[in-house]
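Please read the structure below before turning to the comments.
The values are calculated or read from the model by the stated rules, or taken from the named source; none is laboratory data. Just so we're clear, the structure is a prediction, and the values are computed from it rather than from any experiment. Note that each Cβ is placed from the backbone with ideal geometry, even for glycine, and that neighbours are counted across all protein chains shown. Side chains are part of the model used for accessible areas, which takes the heavy atoms of the whole protein and leaves out ligands, DNA and RNA. Shrake-Rupley method; radii C 1.70, N 1.55, O 1.52, S 1.80 Å.
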Amino acid sequence: MASRAIDYAIGSCNPLSAAGFCPKSARVRIFTVKCSAASVATSGASVAGSPEKPWKVADARLALEDGSVWRAKSFGATGTQVGEVVFNTSLTGYQEILTDPSYAGQFVLMTNPHIGNTGVNFDDEESQQCFLGGLVIRSLSISTSNWRCTETLGAYLAKRNIMGIYDVDTRAITRRLRQDGSLVGVLSTEDSKTDEELLEMSRTWDIVGVDLISGVTCKAPYEWVDKTDKEWDFNSNQREKETFHVIAYDYGIKHNILRRLASYGCKITVVPSTWPASETLKMKPDGVLFSNGPGDPSAVPYAVESVKKIIGEVPVFGICMGHQLLGQALGGKTYKMKFGHHGGNHPVRNIRTGRVEISAQNHNYAVDPASLPNGVEVTHLNLNDGSCAGLAYPQRKLMSLQYHPEASPGPHDSDPVFEEFVKLMKREKQNL
């Protein structure tokens with residue numbers, strides 16, 4: 001590890017001059033910049049008798065199933081990992097993305113070129129661990145400059161055994177994904193594996209039809225009590241004071257969904273994805289939440305069966321994966337999108353009000369509204385491609401969204417949906 005410290009003085013006066021004096025107006029602060037770089041040989045191994053380079057060189061590869069191999073520099077964990085490559089257009093919030101269980105089985109490519117400058121901190125975690133397969137970025141910040149930072153991005157990924165690569169042409173890869181759709185890729189820092197071996201791995205692995213929910217759900221029921229911190233909350237004076245008991249099915253639930261529900265006066269019991277519907281109904285909840293989660297909704301028929309048994313019994317609210325499971329439970333079909341929706345800047349129109357929301361989205365599957373039965377209402381449309389972004393079925397006390405209302409990209413465009421769910425439970429309670 002090479003390290004140097006350099007003193008800089010900026011100004012028209014030289015404080016080290018023979019006179020040793022500067023006018024007060026010309027004095028400037030002298031500061032020290034410390035730079036360090038890992039010494040890595042070009043081939044990935046030390047060469048006897050050759051000097052080590054003071055900068056990092058390409059030591060990783062991303063092999064895509066289309067036959068392309070991209071050389072890059074590694075950070076975080078090392079090894080070889082396979083996953084589906086998707087691009088995310090968010091400008092900020094990479095830590096929330098890293099800890100979103102919906103990204104299980106995927107490599108996330110950030111289209112924003114500069115990542116890592118705000119570091120990471122405990123407050124922005126959306127789950128207990130990172131579930132994605134790897135992170136692909138253009139430029140890795142060499143410093144952090146946020147007052148909330150407690151750790152660098154590289155150190156954070158290394159501790160959680162998540163691979164990352166940088167100094168790769170993310171714009172070119174994004175264009176391929178937009179043209180050809182999401183591609184399976186292999187990340188590797190192992191020189192022993194040839195390009196052909198990595199490409200073969202990418203072509204023999206598939207994410208379609210795989211149950212990814214079972215790997216991210218909780219193992220046993222638990223109570224959630226934390227609300228949104230006061231410094232992040234807003235408009236809290238108009239909340240319902242009445243407490244409603246909500247059973248939340250964990251298909252990969254994000255913490256902020258639970259915080260927002262708790263802030264709206266809900267007592268929450270989180271249950272695993274395989275929790276029987278009969279046990280849920282025995283608990284006599286005021287409402288049931290079907291959460292976000294990773295992968296193909298058709299790969300979890302057990303979840304669809306549970307949803308079927310609960311619909312119509314109590315008010316229900318589905319988010320993302322929960323929305324797709326509701327669509328299937330109602331007799332509709334879901335389909336895999338070309339490259340999905342991943343980002344914090346998707347415009348969605350509320351058909352009922354005409355209002356446009358800026359939404360955060362993360363999904364590769366969507367509900368086909370033409371396959372839904374009569375009585376089901378499409379409430380929201382994605383304005384980028386016209387896909388279904390929300391459903392309602394008043395006769396069955398049902399509502400759902402294809403995007404993440406808790407993520408606050410607008411920043412609060414979609415948050416009123418939690419109040420709508422509370423009102424749905426309140427009306428049901430009054431009618432009993």
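So here's what we get for this one:
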{"read-out": "Matching entry among Val271, Val316 (being in contact with a strand residue (DSSP E or B) (Cβ under 9 Å, 6 or more places away or on another chain), of a type in the set (Val, Ile, Thr), buried (at least 20 other Cβ atoms within 10 Å of the Cβ) and free of Cβ contacts under 8 Å to residues at least 60 places away in the same chain)", "value": "Val271"}
{"read-out": "Meets criteria (hydrophobic (A, V, I, L, M, F, W, C), open to solvent by 10 Å² or more (accessible area, probe 1.4 Å), closer than 25 Å to Ala248 by Cα and at pLDDT below 95) for Ala407", "value": "yes"}
{"read-out": "Any hit, the stretch 120-142, residues being open to solvent by 10 Å² or more (accessible area, probe 1.4 Å), outside any loop (DSSP other than H, G, I, E, B), in contact with a Gly (Cβ under 6 Å, 6 or more places away or on another chain) and not aromatic (Phe, Trp, Tyr)", "value": "yes"}
{"read-out": "Spans of helices (runs of 4 or more DSSP H) in the stretch 247-316 with at least 1 residues closer than 22 Å to Ile97 by Cβ", "value": "255-263"}
{"read-out": "Matching residues, the stretch 92-108, being in contact with a Ser or Thr (Cβ under 9 Å, 6 or more places away or on another chain) and farther than 16 Å from Leu212 by Cα", "value": "Thr92, Tyr94, Gln95, Glu96, Ile97"}
{"read-out": "Those residues of the stretch 397-432 which are of a type in the set (A, V, I, L, M, F, W, C), in contact with a Gly (Cβ under 7 Å, 6 or more places away or on another chain) and under 14 Å from His380 (Cβ atoms), in sequence order", "value": "Leu401"}
{"read-out": "Test set (1) farther than 19 Å from Thr144 by Cα; (2) in contact with a Ser or Thr (Cβ under 9 Å, 6 or more places away or on another chain); (3) open to solvent by 70 Å² or more (accessible area, probe 1.4 Å); (4) modelled with pLDDT under 95 - Thr78 fails condition number", "value": "(4)"}
{"read-out": "From Lys426, Lys397, residue being surrounded by 15 or more Cβ atoms within 10 Å (Cβ to Cβ), farther than 20 Å from Tyr103 by Cβ and touching a Pro at 6+ places or on another chain (Cβ under 6 Å)", "value": "Lys397"}
{"read-out": "Residue within the stretch 245-252 that is aliphatic (A, V, I, L, M) and under 23 Å from Tyr365 (Cβ atoms) present", "value": "yes"}
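Residue-by-condition table, conditions (1) modelled with pLDDT under 95; (2) under 22 Å from Gln129 (Cβ atoms); (3) more than 22 Å from the chain's Cα centre (by Cα):
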{"residue": "Leu258", "(1), (2), (3)": "no, yes, no"}
{"residue": "Ser306", "(1), (2), (3)": "no, no, yes"}
{"residue": "Pro315", "(1), (2), (3)": "no, no, yes"}
{"residue": "Gly318", "(1), (2), (3)": "no, no, no"}
{"residue": "Leu325", "(1), (2), (3)": "no, no, no"}
{"residue": "Gly331", "(1), (2), (3)": "no, no, yes"}
{"residue": "Phe339", "(1), (2), (3)": "no, no, no"}
